[in-house]
1. In nm, to one decimal, how far is the Leu90 label point from the Met195 one, both placed 7 Å along Cα→Cβ?
2. Taking H as built 1.01 Å from N, whose amide H comes closer than 5 Å to the amide H of Ile145, not counting residues under 5 places away?
3. List the GluC sites (Glu not before Pro) in region 1-85 that DSSP assigns to loop (not H, G, I, E or B) and whose Cβ has at most 14 other Cβ atoms within 10 Å. Which are they?
4. Count the lysine pairs in the chain that are 8 or more places apart or on different chains: how many have C-alpha atoms under 15 angstrom apart?
5. Only bridges whose two residues both fall in region 64-175 count here: according to DSSP, what percent of them are antiparallel, nearest 5?
6. Out of region 124-176, which trypsin sites (Lys or Arg not before Pro) are coil in DSSP terms and have no more than 13 other C-beta atoms within 10 Å?
7. Does region 1-117 classify as rounded, prolate or oblate by the C-alpha gyration tensor (a ≥ b ≥ c root eigenvalues; a/c under 1.5 gives rounded; else a/b over b/c gives prolate, otherwise oblate)?
8. Roughly how big is the chain's charge dipole about its Cα centre, with Cβ charges of +1 (Lys, Arg) and -1 (Asp, Glu), in debye to the nearest 20?
Amino acid sequence: MTKLPSSLQKLINELSKLPGIGPKTAQRLAFYLLKQDGIEIGNLAGAIAQVKQGIVFCSICHNMVETDPCSTCTDPKRDQSIICVVEEPLDAQALDKSGQYNGVFHILGGVLNPLEGIGPESLQVESLLQRIRELENEKVKEIIIATNPSLEGETTAMHLSKIIKAQSPAIKITRIARGLPMGGDLEYADDITLMRALDGRREY
């Protein structure tokens, strides 16, 4: 049986460790890279090295940035009294892109998942509570919990709501609405989605 060169097999193995990349896709990517010239490969390697060296985490919101604190946390035009709690940096980016949110963010770095050993101590939960305590004098009006509508996301939202209320009962805690997506069909929606859509209905 013909074996691939060890250097190529090593590249395939490394690529297959990336999320969403299976062995076949890793093979296709490796062979694609093999056909590129040295300049292209050098640019890719340089970009990978630079992203590791040039990215830091904001000491306030824990977003991935190039300067600490980040431009969102220090922007005087942002409403510092509203903190939107999300799982990952890409979630904050998606909400910001909508143009409908002008508060600040707090990145948890994941969700609670006891089966995988991820508890509150593995996430940026304590730093959120500390942040609320420090901003108490400036009156944090609202905490928006925007974790994903998964079992882990719902568990995390409930946990956050409970501990924030215990520490700061005057703060308003909200959860982003969930329901039917634009263009979605009722007949194909699952029971949970339909239940959330009915719960979140409003006067028209």
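Coordinate-derived values only; no laboratory data. The structure displayed is predicted, hence computed values, not measured ones. Note that each Cβ is placed from the backbone with ideal geometry, even for glycine, and that neighbours are counted across all protein chains shown.
1. For Leu90 paired with Met195, the spin-label model returns 2.8 nm.
2. Val85, Thr174, Arg175, Ile176
3. Glu66
4. For the chain, the number of qualifying lysine pairs is 6.
5. DSSP beta bridges in region 64-175 are roughly 5 percent antiparallel.
6. For trypsin sites (Lys or Arg not before Pro) across region 124-176 that sit outside H, G, I, E and B with at most 13 neighbouring Cβ atoms in 10 Å, the list reads Lys139.
7. Cα axes put region 1-117 in the prolate bin.
8. With Lys and Arg at +1 and Asp and Glu at -1, about 240 debye.
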